[in-house]
Amino acid sequence: MPYSTIGKSLLEINLAIMERKIVLIISIFVFLGFSLTTNAQSKKKSDAESEGLRGKVKSVKGKYYEEKRIFFGLIPINEEFWYEYSEFNYNGNIIYKDKPSYHGGDYRDREFYKYNERGDCIESIDSNYENGNKYTYPCRYEYIYDEKGNISEEKWYSYNKLNYNYYYKYDDKGNCIEELSKGIKDSTFWKDIYIRDTNGRMIVWERYNRLGDFDSKLVYTLDEYGNRIKEEYYYKDGNKKDETFFVYNLEGDMIMKARYFIKDKYISVKIYEYKYDDNFNWVKRIEYDVDMRINSITKRKIKYYKD
């Protein structure tokens with residue numbers, strides 16, 4: 001798919017967006033103005049806010065369906081592929097999550113979170129289950145904070161044995177600028193550097209190996225609202241692997257993703273359509289391919305705390 005076709009598609013989508021009701025435009029601009037406050041005195045985003053959720057969200061249950069075709073491809077049906085469930089406390093921080101395990105099959109990851117009186121998460125426990133029965137591989141994370149309330153160290157245990165230590169550094173605005181991971185057994189070492197703009201938004205991610213050598217890099221281009229509209233991935237030799245372009249609607253949700261693979265000169269395009277509830281949280285998302293054929297459908301049931 002040539003760049004000219006992408007440009008035409010982006011223009012058509014942007015024109016359609018501009019025709020939305022003025023009341024919606026006012027609402028989303030108020031939200032964006034609030035979420036982009038990044039000075040040192042601003043309130044840190046809760047887990048729910050970091051996931052783009054609005055309002056006092058109590059729980060989110062999401063189901064993902066893939067479209068299958070039967071009778072020689074003539075009849076489309078939606079087949080449930082996975083589901084995920086999250087619970088948040090009144091402050092918007094996650095307290096429980098149930099999601100598919102990387103083991104596949106019927107395995108589930110069930111995560112539990114604990115907080116101190118200040119509201120900082122101090123521990124999370126990840127237990128794996130099959131058909132509701134606990135099997136093995138419990139993981140536990142401990143979080144240590146500095147005097148400013150930032151996570152300075154994270155410890156990862158499995159079977160109550162320490163496996164990894166993670167160390168974090170911050171700028172004077174509380175933005176993370178460095179992450180260092182160290183393995184206990186094999187001396188594994190990775191260092192991630194986060195370069196940010198004057199508003200504290202990350203614009204470059206760099207990774208270095210245990211020898212201090214450059215490994216890879218992501219470069220982000222942001223729009224005026226902080227949305228990533230372009231992402232560039234670089235190999236360790238400095239050559240660019242691919243570029244990804246993003247387009248968003250007025251709610252801040254991605255409605256187009258176009259990834260260009262430079263070596264193969266190939267472009268993969270995905271288009272998204274949303275349905276929203278009264279709090280402007282999406283409750284249904286349809287993913288299309290470039291030919292507007294449905295790839296998948298995700299539905300979310302969102303519950304809210306009552307004031």
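The table for this structure:
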item	result
Filter result for E224 (within 30 Å of M256 (Cβ to Cβ) and in contact with a Lys or Arg (Cβ under 8 Å, 6 or more places away or on another chain))	no
Residue pairs meeting the criteria (Cβ under 8 Å; at least 6 apart or on separate chains; first closer than 20 Å to D126 by Cα and touching a residue at least 60 places away in the same chain (Cβ under 8 Å), in the range 158-185; second of a type in the set (D, E, K, R) and assigned to a strand (DSSP E or B))	none
Pair list, Cβ under 8 Å, 6 or more apart: the range 235-252 residue closer than 21 Å to I267 by Cβ, other residue basic (K, R) and surrounded by fewer than 16 Cβ atoms within 10 Å (Cβ to Cβ)	Y235/K241; K241/K263; E243/K230; T244/K230; F245/K230; F246/K230
Search result, residues across the range 247-297 that are at pLDDT 95 or above and not in a strand (DSSP E or B)	N249, D253, D277, D278, N279, F280, N281
Close pairs (8 angstrom Cβ cut-off, 6 or more residues apart or separate chains): under 16 Å from N165 (Cβ atoms) and of a type in the set (V, I, T) in the range 123-150, in a strand (DSSP E or B) and modelled with pLDDT of 60 or more anywhere	I144/I151; I144/S152; I144/E153; I144/E154; I144/K155
Scope the range 194-203; condition surrounded by 15 or more Cβ atoms within 10 Å (Cβ to Cβ) and touching a strand residue (DSSP E or B) at 6+ places or on another chain (Cβ under 9 Å); matching residues	Y194, R196, R201, M202, I203
In the range 214-231, residue surrounded by the fewest Cβ atoms within 10 Å (Cβ to Cβ) [restricted to those that are assigned to a strand (DSSP E or B) and in contact with a Leu (Cβ under 7 Å, 6 or more places away or on another chain)]	I229
Some residue of the range 215-223 being touching a residue at least 40 places away in the same chain (Cβ under 8 Å) and either closer than 25 Å to E84 by Cβ or of a type outside the set (D, E) (or both)	no
One residue from K217, K257 being more than 17 Å from the chain's Cα centre (by Cα) and not hydroxyl-bearing (S, T, Y)	K217
K68, sole failed condition from (1) crowded, with 16+ Cβ neighbours inside 10 Å; (2) modelled with pLDDT under 95; (3) basic (K, R)	(1)
Residue list for the range 138-158, filter: of a type in the set (D, E) and not in a loop (DSSP other than H, G, I, E, B)	E142, E153, E154
Filter result (farther than 25 Å from I94 by Cβ and surrounded by 14 or more Cβ atoms within 10 Å (Cβ to Cβ)) within the range 263-286	I267, S268, V269, K270, I271, E273, I286
Given (1) at pLDDT 95 or above; (2) within 16 Å of the chain's Cα centre (by Cα), index of the condition K45 fails	(1)
Evaluation of E153 against (1) in contact with a strand residue (DSSP E or B) (Cβ under 9 Å, 6 or more places away or on another chain); (2) surrounded by 15 or more Cβ atoms within 10 Å (Cβ to Cβ) (one fails), failing number	(2)
Hits in the range 197-213 - residues which are aliphatic (A, V, I, L, M) and assigned to a strand (DSSP E or B)	M202, I203, V204
Flag if Y166 is surrounded by 14 or more Cβ atoms within 10 Å (Cβ to Cβ) and out of contact with any helix residue (DSSP H, G or I) (no Cβ under 8 Å at 6 or more places or on another chain)	yes
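The values are calculated or read from the model by the stated rules, or taken from the named source; none is laboratory data. Keep in mind that what you see is a predicted model, and the values were worked out from it rather than measured. In this analysis, Cβ positions are derived from the backbone assuming ideal geometry, glycine residues included, and neighbour counts consider all displayed protein chains.
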